[in-house]
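This report refers to the structure that appears directly beneath it.
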Amino acid sequence: MIEIEVKKLSVDFEKRRDGDKLNAVKNLSFSVSPGRFLCVIGPSGCGKTTLLNVLAGLLEPSAGTVLFNGKQDKGPGKDRAMVFQSGALLPWRTVLGNIRYGMEIQKVPKGEALPRSQELCTMVGLGEFENSYPRELSGGMQQRVNLARALATNPKLLLMDEPFASLDAQTREQMQLEVLKIWQQTKQTVVFITHQIEEAVFLADEVVVMTARPGQVKTVIPIEISRPRTYEIKKSALFHQYVDQLRDLVQQEFLLQKGMGKQ
Ligand SMILES: Nc1ncnc2c1ncn2[C@@H]1O[C@H](COP(=O)(O)OP(=O)(O)OP(=O)(O)O)[C@@H](O)[C@H]1O
Ligand SMILES: [Mg+2]
């Protein structure tokens with residue numbers, strides 16, 4: 001299991017035109033205990049994807065540190081898997097081929113990789129599309145392949161960037177339950193980005209609310225709703241209390257952003 005500590009993380013990007021730096025994330029600190037499910041919400045452009053890219057080892061911080069189990073890691077790790085915001089499937093590979101890809105890189109024997117990818121394919125509801133190519137799938141279906149691909153290598157840390165954004169409401173609820181079920185079995189540490197407040201409350205042990213850019217932690221709200229969580233929980237008063245509290249925080253940040261003319 002993996003513990004993450006993000007300490008005073010800053011990420012700057014070079015601006016093409018005026019040579020100025022763009023501060024995407026500034027002085028961002030939080031930690032995730034091993035096996036916890038953390039959701040991150042915040043206004044568009046506040047640096048959520050940037051943060052996830054740093055956690056995945058795909059982007060170097062400009063300042064600050066990220067520790068995994070107390071150690072600093074360089075580069076992408078075998079123990080981390082990412083579901084990207086816009087799915088990056090390999091167009092020349094079938095659904096199964098895409099799900100198997102990570103396992104091939106990790107040299108998992110074919111006899112093991114094939115049944116595992118078939119199992120995952122069925123789990124995400126694409127059993128009938130094993131041999132289809134990405135171009136033959138809808139956006140939501142492609143995103144499900146992405147999820148299956150990330151889960152295939154049994155990562156200790158699962159990083160998800162709005163993985164359900166392109167799904168219809170019903171499939172989305174189904175996938176939330178699936179992810180919770182898988183997580184309950186594997187006890188992976190999860191960092192999950194979403195724009196949907198209900199989704200964050202339903203999934204998370206803790207919700208990190210980010211400020212407008214440059215992204216910092218505005219507040220962290222622990223979600224004390226018992227597990228396993230079922231669909232019914234979404235109708236409870238406690239659930240709605242959390243949703244309202246978070247909605248107010250996000251709205252506050254949104255207004256602040258507009259008022260200050262940041263964009
Ligand atoms: N590779 C890059 N080069 C330059 N600027 C970048 C790069 N990636 C992100 N940015 C900038 O950094 C800021 C944060 O971007 P990021 O994608 O992390 O936001 P986000 O919170 O994920 O937004 P959204 O909710 O819309 O996905 C934005 O202003 C964006 O323009
Ligand atoms: Mg993003």
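Any read-out appearing in this document is the output of simple, stated calculations on the displayed coordinates, not a laboratory observation. Worth saying up front: this structure is predicted, and the values here are computed from it rather than measured. As a convention, Cβ positions derive from the backbone with ideal geometry for all residues, glycine included, and neighbour counts pool all protein chains shown.
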Inset, instruction - State, as an integer percentage, the relative contact order of region 86-154 based on alpha-carbon contacts under 8 Å between residues 6 or more apart. - result: 50 percent
Legend entry - Residue-averaged 222 nm ellipticity for the chain, from DSSP H runs of 4+ at -39500 (n - 2.57), nearest 500: -11500 deg cm²/dmol
Legend entry - Violating pairs (Cα-Cα greater than 27 angstrom) within the set Lys21/Lys218; Lys8/Lys234; Lys235/Lys258: Lys8/Lys234; Lys235/Lys258
Legend entry - Extension gain, Lys234 back to Arg93 (0.36 nm per residue minus Cα-Cα distance, nm): 47.0 nm
Legend entry - Label point 7 Å beyond Cα of Glu104 along Cβ direction - residues of region 129-152 with amide nitrogen under 20 Å: 129-137, 142-152
Inset, instruction - For a footprinting-style exposure proxy, rank Ser86, Ser10 by other Cβ within 10 Å, fewest first. - result: Ser86, Ser10
Legend entry - Size of electric dipole in the chain: Cβ of Lys, Arg +1 and of Asp, Glu -1, about Cα centre, debye, nearest 20: 560 debye
Legend entry - Estimated inter-spin distance, Leu114 and Gln184, nm [label 7 Å along Cα→Cβ]: 3.3 nm
Legend entry - Sequence-distant lysines (8 or more away, or on other chains) whose Cα lies within less than 21 Å of Lys110: Lys78
Inset, instruction - Measure nothing fancy, just the Cα-based angle from helix 169-186's long axis to the longest principal axis of the chain, in degrees from 0 to 90, nearest 10. - result: 80 degrees
Inset, instruction - On a 0 to 90° scale, report how tilted helix 110-123 is relative to the longest principal axis of the chain, with both axes built from alpha carbons and the result rounded to the nearest 10. - result: 60 degrees
Legend entry - Candidates Lys78, Lys234, Lys15, ranked by Gaussian network fluctuation over the chain, Cα under 10 Å, top entry: Lys15
Inset, instruction - Write down, largest first, the equivalent ellipsoid semi-axes of region 105-263 in whole Å, where each equals the square root of 5 times an eigenvalue of the alpha-carbon gyration tensor. - result: 32, 18, 16
